[in-house]
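A.B. asks: The following block contains the structure, expressed as structure tokens.
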Amino acid sequence: MTQEAKRAKKRRLDHVDAMRPIKQAGVVSTHSLLFFAPGASLAVGGALMLLHVTREAFLFISACMLMYSYSSLKRAGYGRFYKRRFAAVCVPYLCWTVIYFFVTLPTGSYTPWTGFEHFWYLVATGYYQLYYLLVIMQFYVLFPLLLLLVRRTRGHHAILMAVSLALQVLLVSLMHWKVLPPNMRGFWASREVTSYQFYLLAGMVAAVHLDDVHNWICRHVRLILVGTVLAAAVAEVWYVLSAKHIVPWMGSGSDPLQPIAIPFNCGAIACIYLVGVYLVDARRSTTVRAMIRSGSDNSYGIYLAQMLFILALSWLGWRSLDQYLSWPVVSLLTITIVFLGCILLTSLVARTPFTVPLTGRQRQEWRTWIPERWRARPTTPAELAAEEAVSSAIDPDPLATPAVADPVAG
């Protein structure tokens, strides 16, 4: 049986599909708070500390879905593997880097030479949220080696994860307390794949034991929820003590990579998984499932385009709204506008020739833009086969699709 046939036989993971819009809502929330909430507020800082989990969730799901689809990848398939990765991630990355460069150009004072230098700086480091894609690209380069590691340690994955977790705690601790050199912490650490190695390996191992992981999570809902809440409380206490300089040795409370956040990150990822399971349950209405599908189909576009709307609101004086409304209300309005605006923009672009490089979706027909009726993801074998045939043409969402025809990530 060919590698393509093996992937085609794998079931579609609708509950993981449903995790994508949840994750993107968290990303939009993070950036909305950073732009429009009062930076000196203790509550804002505490919320941001927990919302930073979106980057770990992003990478965990990416690794899980890539491993799920390419667990049988052989050397002969590397060429096609990297060709699809380039089309799915590198092309959108370059296109949106160009877009953001020109969108922000009027607000900068650049000479032709400094403008040229700034553009290549953006390409090398990633404009704002686009650095996620730099980490994903590094992961793709390392994937064959990590795949070999997971294969060679089969039967000993618990030991592998224990070692990986210990290394993650050690590395993040050295970053947090500024033991490592500057180019291995802060801005640069967020762009280095080594900063997230535990979550990437955990995603790959989870894909190998997907049924066991699913069953364990579904059997221990209460334990996961209580554990996550407790971990969040501990992290928030840590943040307050640090931010108020009550315990100075705790380090910076604004550091997005902190050892105290690791337990919460693990619990939050499991909670997002549970929400995905809930949303695609057969008891959910057709409308709910259709809305979830729309959010997942457009999730890559939400990630890529979100800063267009945030920058536009900023230029329109959105920050001054906190003089009339509380910052939680302003933040909620911002998240809603940005999220829905991105869905609208992505769904429009998805019906143009620019859909693949700008949205990561296959081109849609205009007649489907306003559907005749809400329709959930197909469930019959014939419907699934028809959809699979279409989705195999390109990666519907290069960052998080469980479409096993040739997915990329989470």
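A.B. asks: Within the group A393, A382, which residue is part of a loop (DSSP other than H, G, I, E, B), at pLDDT below 90 and out of contact with any Gly (no Cβ under 9 Å at 6 or more places or on another chain)?
C.D. replies: None of the other options fit; the residue is A393.
A.B. asks: Answer yes if at least one residue in region 302-317 is crowded, with 21+ Cβ neighbours inside 10 Å, under 20 Å from F35 (Cα atoms) and small (G, A, S), and no otherwise.
C.D. replies: Looking through region 302-317, at least one residue is crowded, with 21+ Cβ neighbours inside 10 Å, under 20 Å from F35 (Cα atoms) and small (G, A, S).
A.B. asks: Among T359, T336, T368, which is the only one that is surrounded by 15 or more Cβ atoms within 10 Å (Cβ to Cβ) and either at pLDDT below 90 or within 19 Å of Y303 (Cβ to Cβ) (or both)?
C.D. replies: Numbers: T336 fails: surrounded by 15 or more Cβ atoms within 10 Å (Cβ to Cβ); T368 fails: surrounded by 15 or more Cβ atoms within 10 Å (Cβ to Cβ).
So the residue among T359, T336, T368 that is surrounded by 15 or more Cβ atoms within 10 Å (Cβ to Cβ) and either at pLDDT below 90 or within 19 Å of Y303 (Cβ to Cβ) (or both) is T359.
A.B. asks: Surrounded by fewer than 18 Cβ atoms within 10 Å (Cβ to Cβ), modelled with pLDDT under 95 and in contact with a helix residue (DSSP H, G or I) (Cβ under 9 Å, 6 or more places away or on another chain), is that true of Y128? Explain how you work it out, then say what you get.
C.D. replies: On the way: surrounded by fewer than 18 Cβ atoms within 10 Å (Cβ to Cβ): yes; modelled with pLDDT under 95: yes; in contact with a helix residue (DSSP H, G or I) (Cβ under 9 Å, 6 or more places away or on another chain): yes.
Taking the combined requirement at face value, the residue satisfies it.
A.B. asks: Only one of (1) free of Cβ contacts under 8 Å to residues at least 12 places away in the same chain; (2) under 30 Å from F86 (Cα atoms); (3) within 20 Å of the chain's Cα centre (by Cα) is not met by T336, so which one is it?
C.D. replies: (2)
A.B. asks: Tell me, which residue of region 273-289 that is free of Cβ contacts under 8 Å to residues at least 24 places away in the same chain and small (G, A, S) is surrounded by the most Cβ atoms within 10 Å (Cβ to Cβ)?
C.D. replies: Looking at residues that are free of Cβ contacts under 8 Å to residues at least 24 places away in the same chain and small (G, A, S), I get S285.
A.B. asks: Another one. In region 149-173, how many residues are under 14 Å from L257 (Cβ atoms) and surrounded by fewer than 16 Cβ atoms within 10 Å (Cβ to Cβ)?
C.D. replies: 3
A.B. asks: Has region 230-247 got at least one residue that is surrounded by 14 or more Cβ atoms within 10 Å (Cβ to Cβ), out of contact with any Cys (no Cβ under 6 Å at 6 or more places or on another chain), under 30 Å from D14 (Cα atoms) and touching a residue at least 24 places away in the same chain (Cβ under 8 Å)?
C.D. replies: Among the residues of region 230-247, at least one is surrounded by 14 or more Cβ atoms within 10 Å (Cβ to Cβ), out of contact with any Cys (no Cβ under 6 Å at 6 or more places or on another chain), under 30 Å from D14 (Cα atoms) and touching a residue at least 24 places away in the same chain (Cβ under 8 Å), which makes the answer yes.
A.B. asks: Please list, ordered by first then second residue, the pairs with beta carbon atoms under 7 Å, 6 or more apart or interchain, first in region 178-199 and farther than 14 Å from F58 by Cβ, second of a type in the set (K, R) and surrounded by fewer than 21 Cβ atoms within 10 Å (Cβ to Cβ).
C.D. replies: Once the first residue is farther than 14 Å from F58 by Cβ and sits in region 178-199, its partners that are of a type in the set (K, R) and surrounded by fewer than 21 Cβ atoms within 10 Å (Cβ to Cβ) give R185/K178.
A.B. asks: Starting from region 107-123, keep only residues that are in a helix (DSSP H, G or I), then list their pairs with residues that are β-branched (V, I, T) whose Cβ atoms are within a distance under 6 Å, requiring at least 6 positions of separation or different chains.
C.D. replies: Within 6 Å, the pairs are L122/T97; V123/T97.
The values are calculated or read from the model by the stated rules, or taken from the named source; none is laboratory data. As the structure is a prediction and not an experimental result, all values here were calculated from the model. Heads up, the Cβs are rebuilt from the backbone with ideal geometry, glycines too, and the neighbour counts pull from every protein chain shown.
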